[in-house]
Each structure stands twice: as C-alpha cells, then as structure tokens.
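J.: The structure follows.
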Amino acid sequence: MKVLIHDDRPDLYQDLMADHLAGDTTAICQTYDGLAAAAAAAQPEVVYSCKFAGVPYPHAAITGLDSVRWIHVAGAGFDHLEPWDRDRMVMTNSAGSQGEAMGQYVLGAVYGLNFRYHTFLRQQADHVWRQEDVHTTLGKTMLIVGLGRIGRVVARYAQSVGMTVIGVRTRAEPVAPVDEVHAIADLKAVLPKADYVVVLTPLNETTRGLFDGAALAAMKPGAYLIHIARGGIVDEAALVQSLAAGHLGGAVVDVFDREPLPPESPLWTAPNLIVTPHVAAIFVGWQRACFEIFVQNLALWRDGKPLINRVGA
C-alpha cells in the first residue's frame with residue numbers, strides 16, 4: 001500500500017511509522033509548497049494530513065488525486081479539505097485525541113473570566129489595586145454548540161463544577177452526559193438560558209456566520225462566549241461591538257478568520273476579551289495522539305472494516 005504522510009513533525013511518531021507502515025511504500029512531505037509534487041510522485045492510496053502551517057491548505061493536491069481513497073486528518077476540523085469526492089474517498093479525523101486538553105481549556109477560560117484574571121493582569125501591569133466582583137460556577141448554565149466527542153468532554157467538565165449543561169446539535173437527540181439537547185435550528189431560543197456559551201461546531205455552510213449580531217444579542221446580558229471551533233463561525237466585528245456595548249460580560253477566543261491574527265485587528269483591544277493563538281488543542285504530545293488514532297484506523301482499513309471517526313459522509 002502507498003501512504004503519504006503530510007506533517008512537519010513526523011519525527012515525533014517515527015517509531016509508530018516503523019511499527020505499522022513497515023511493509024508499505026511511505027512518502028513524507030513536511031511543507032505546504034511541496035505537497036503537490038510529493039503527492040503526484042507518490043500516488044498514495046492513503047494520506048495522513050496535518051494542517052500545520054495555517055491557511056490556505058493545499059487540499060487539491062490530495063483531494064484531486066485519483067489514487068487517493070482515504071484521508072485521515074490530524075485533529076478534528078476538516079473544513080480546510082473541502083470539497084472532496086465523497087463517492088471516491090473516505091475522510092476520518094482524530095477527534096477525541098484532543099478532547100481532554102480542550103475540556104481543560106474551556107474550564108480554564110470559565111475560571112479566568114469568572115475571576116477576571118484579564119482585568120487583574122492589566123491592573124498588575126499598571127500597579128493598580130482595585131477589587132472587582134468575581135463569580136463561581138455553582139448553579140450556572142453552560143450551552144455547548146456542537147456535541148461531538150470534544151463537546152461531551154466539555155460537558156463532563158462543566159457538570160463536575162456544578163453547572164447544568166445544555167447542548168445544541170443538528171438534531172435534538174439525547175447525548176450523555178448533557179442535561180438538555182436542542183436542535184441547532186432552535187439556537188436563538190436557547191441562547192438566553194446560558195451563562196456560558198461554548199462554540200465547538202464544525203465550520204460548514206450551515207454554521208458559517210452562525211454567531212452573527214442577532215445571535216450575540218440573543219445571549220443573556222453579561223454572559224460569556226468561549227470560541228474554540230473555527231474562524232468564520234463567529235462574526236468578529238459583531239463580537240467586538242457586543243463587548244464594547246457591554247452586552248456580553250466577556251469572551252475567550254482561540255480561533256480567528258485570519259491566523260495569525262493581524263496586528264491591526266480590533267479584537268486585540270476589545271474590552272473583556274482574552275485572545276489565545278489557536279492553542280486549545282495544541283498540548284505537548286498532540287501530534288503523537290493524533291497519529292495513534294490513524295494507526296487504529298489503518299488496521300481497520302487493511303481488514304476492510306468500518307473506520308472510526310468518519311466525517312462528512
């Protein structure tokens with residue numbers, strides 16, 4: 001079997017490649033610019049695809065290659081590989097491998113906003129001693145938009161600190177451990193219930209611009225927004241306006257329309273906004289954890305069995 005590994009750090013799981021790809025013809029590409037040539041030369045059946053250098057991702061180099069039958073995405077998001085021929089190839093991802101890190105990121109964001117760390121850090125820099133009201137999570141409600149494997153981990157963390165969890169997904173079907181589930185069509189109706197809104201849904205034509213000015217206005221006054229999904233889901237200009245007007249109590253944003261976030265972006269100076277540079281899932285060891293899921297799927301692929309984490313079917 002011919003396999004192409006597209007990743008800038010394959011050395012981090014070189015032993016796994018040696019153990020599980022020993023009998024295969026394996027090509028490695030560690031750049032974006034070289035992907036088209038590497039894929040054309042390798043003519044792979046299987047591609048392990050890691051988005052490691054921002055956007056745009058050169059997806060046509062692999063999705064347009066007739067030899068490719070399966071692409072495994074390192075990470076959870078796969079919008080950067082749109083469009084692909086769903087009749088010809090299968091797409092899977094490594095969702096779940098980063099769930100614990102992202103669940104802890106969300107909980108940390110909640111605590112940071114509750115205890116106003118962003119305010120106190122600025123005050124510290126200015127040598128200002130001024131107390132602010134702080135809050136706890138007990139009795140509060142978190143709304144999670146997107147109830148995949150990561151969303152369920154976030155729900156577990158939220159419940160562990162005394163919160164009620166509401167979820168929104170494509171269909172209003174129960175999902176453990178979420179207390180209450182609604183269809184995404186009812187988002188604006190449930191937004192006013194939440195003290196914290198966590199955006200975790202994939203980016204697609206349905207979710208692009210989902211959190212526009214009207215959706216942000218529907219949130220409870222003083223509520224917090226935590227966005228760790230994909231840039232393009234939250235209207236950044238509307239978010240800045242909502243924060244400036246004091247409607248939202250604060251926000252933590254890890255993903256943006258443009259990355260790196262341009263120096264001139266008003267998000268940098270928006271009040272009560274914490275900006276992090278797309279790190280929610282980038283914990284030490286994430287590359288290996290993602291490749292381990294690929295290895296599990298590789299065994300299933302060889303045996304002709306259904307793959308785990310299939311997406312976009």
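J.: Sort 185-193, 244-252 by the packing proxy (mean of other Cβ within 10 Å over each peptide's residues), most packed first.
T.: Sorting 185-193, 244-252 by mean packing, highest first, produces 244-252, 185-193.
J.: Also, I was wondering about something else. If each residue of separation counts as 0.36 nm, what is the full-extension length gain between Gln124 and Tyr111 once their alpha-carbon separation is subtracted?
T.: Fully extending the segment from Gln124 to Tyr111 adds 2.8 nm.
J.: What number comes out for accessible area per residue over the chain if the probe is 1.4 Å? Units Å², please.
T.: Using a 1.4 Å probe on heavy atoms only, each residue of the chain averages 46 Å².
J.: Suppose the chain between Phe52 and Gln296 were pulled fully straight at 0.36 nm per residue; how much longer would it get relative to their current alpha carbon spacing?
T.: That pair, Phe52 and Gln296, stretches by 85.6 nm at full extension.
J.: May I pose another question? Could you give the length gained on full extension between Val134 and Glu180, defined as 0.36 nm per residue of separation minus the Cα-Cα distance, in nm?
T.: That works out to 13.8 nm of additional length.
J.: Can I ask one more? So what is log10(I(q)/I(0)) for the range 226-313 at q = 0.12, 0.14 1/Å, when the Debye sum runs over its Cα atoms only?
T.: The calculated log intensity ratios at q = 0.12, 0.14 Å⁻¹ are -0.54, -0.65.
J.: Rounded to a whole number, what % of the accessible area of the chain do carbon and sulfur atoms account for, probe 1.4 Å?
T.: 55 percent
J.: Which residue, chosen from Ala183, Phe120, Val154, occupies the Cα position most advanced towards the positive end of the dipole of the range 44-185, where the dipole is computed from +1 (Lys, Arg) and -1 (Asp, Glu) charges on Cβ about the Cα centre?
T.: Value: Phe120.
J.: Could you give the alpha-carbon Rg of the range 162-303 over 2.2 N^0.38 Å, rounded to two decimals?
T.: Computed over Cα atoms of the range 162-303, the ratio equals 1.19.
J.: Convex hull over the Cα atoms of the range 63-216, averaged projected area in nm²?
T.: The orientation-averaged projected area of the Cα hull of the range 63-216 comes to 12.0 nm².
J.: If you restrict to DSSP beta bridges whose two residues both lie in the chain, what percentage is antiparallel, to the nearest 5?
T.: Rounded to the nearest five, the antiparallel share is 0 percent.
J.: Same structure again: Run the 1.4 Å probe and let me know the accessible area of Tyr117, rounded to the nearest 10 Å².
T.: Number for this one is 120 Å².
J.: Same structure again: What is the sum of charges around Phe52, taking Lys and Arg as +1, Asp and Glu as -1, for the other residues whose C-beta is under 15 Å from the C-beta of Phe52?
T.: Here the charged neighbours net out to -2.
J.: Also: How many angstrom separate the Cα center of the range 143-215 from the Cα center of the range 47-93?
T.: Result: 27 Å between the Cα centres.
J.: Here's another thing I want to ask about it. Farthest toward the dipole's positive end in the chain, which of Val55, Trp70, Ala270, given Cβ charges of +1 (Lys, Arg) and -1 (Asp, Glu) about the Cα centre?
T.: Value: Ala270.
J.: If every alpha-carbon in the range 1-91 counts as one equal scatterer, what log10 I(q)/I(0) does Debye give at q = 0.15, 0.17, 0.22 1/Å?
T.: Normalising to I(0) and taking log10 leaves -0.51, -0.66, -1.15.
J.: What are the semi-axes of the equivalent ellipsoid for the chain, taken as the square roots of 5 times the Cα gyration tensor eigenvalues, largest first, in whole Å?
T.: Semi-axes from the Cα gyration tensor: 37, 21, 18 Å.
The values are calculated or read from the model by the stated rules, or taken from the named source; none is laboratory data. A quick note: this is a predicted structure, and the numbers were derived from the prediction, not measured. As a convention, Cβ positions derive from the backbone with ideal geometry for all residues, glycine included, and neighbour counts pool all protein chains shown. To get the accessible areas, we keep the full protein, side chains included, count just its heavy atoms, and leave off ligands, DNA and RNA. Shrake-Rupley method; radii C 1.70, N 1.55, O 1.52, S 1.80 Å.
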